[in-house]
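A.B. asks: For reference, the structure I am asking about is given below.
Read the figures in this text as sums done on the coordinates, not as results from a lab. Worth saying up front: this structure is predicted, and the values here are computed from it rather than measured. We place every Cβ from the backbone using ideal geometry, glycine too, and count neighbours over all the protein chains shown.
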Amino acid sequence: MFPEIEEIRRKRKKLGVSQKKLAELVGVSQPLIARIESGRFDPKLSLVKKIQKVLEEIEGGRVRAKVIMNSPVITVSPEDSLKKAAEIMIEKEISQLPVTYRKRVVGSITENDVVKAVVEKGSSAESIRVREVMNDPFPAVNPDESLSTISKLLFDSPAVLVVEGGEILGIVTKQDVMKFLTQTR
């Protein structure tokens, strides 16, 4: 086994990157990463170099949106009830949702929006529609946007969407940034 291959597992673990996340970033399957790390698969040098490049980018602070985003993104429709939005947030343990219509982002809704709407409208969450209380969409970035830019956007927004070609690929929250920073430093 090449010394480079032995280094992959050590560096990945040091950086707090899962095999699954590394596989996503490199464009291979998680089982392949596991076989490479265990020595049960002898990869081409080009694949070893690609894996090393991804790990070096993470280590060098050149972290991109695609490294820390959560995917798939859970969304609600403007016509959904506030109750449905609240149930999704509780079940998935999230505090905000993009609002989409025909695969296009048209707004956003947070826990605060749900609570505020019920208090102000004096209605049940079942009778209020998401469209009545939703806010502007979360800011959107491409998958290669830097952690620095994402962090600045999160000053004024609870989440940032990762979008490519009009398709939502992922979402990044303040919690994701904090989790990533504490795992990799």
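A.B. asks: With each run of n ≥ 4 DSSP H residues scored as -39500 (n - 2.57), what mean residue ellipticity at 222 nm is computed for the chain after dividing by its residue count and rounding to the nearest 500 deg cm²/dmol?
C.D. replies: -14500 deg cm²/dmol
A.B. asks: Could you point to the residue in 77, 168, 142 farthest towards the positive end of the stretch 42-185's charge dipole, with +1 and -1 charges on the Cβ of Lys/Arg and Asp/Glu respectively?
C.D. replies: 142
A.B. asks: P(r) for the stretch 91-185: what percent of alpha-carbon pairs falls in each 5 Å bin, starting at zero?
C.D. replies: Final binned percentages: 2, 12, 21, 21, 19, 12, 8, 4, 1, 0.
A.B. asks: Based on the Cα coordinates of the chain, what is the per residue volume of their convex hull in Å³?
C.D. replies: Cα-based convex hull of the chain, divided per residue, equals 121 Å³.
A.B. asks: Percent of Cα-Cα pairs per 10 Å bin, from 0 to the last occupied bin, for the stretch 1-68, please list those.
C.D. replies: 21, 63, 15, 0
A.B. asks: Taking 22 Å as R0, compute the FRET efficiency from the Cβ-Cβ separation of residue 146 and residue 175 and round it to 0.05.
C.D. replies: Efficiency at R0 = 22 Å is approximately 0.75.
A.B. asks: By the scheme Lys and Arg +1, Asp and Glu -1, what is the net charge of all other residues having a beta-carbon under 13 Å from that of residue 94?
C.D. replies: So the surrounding residues net to -3.
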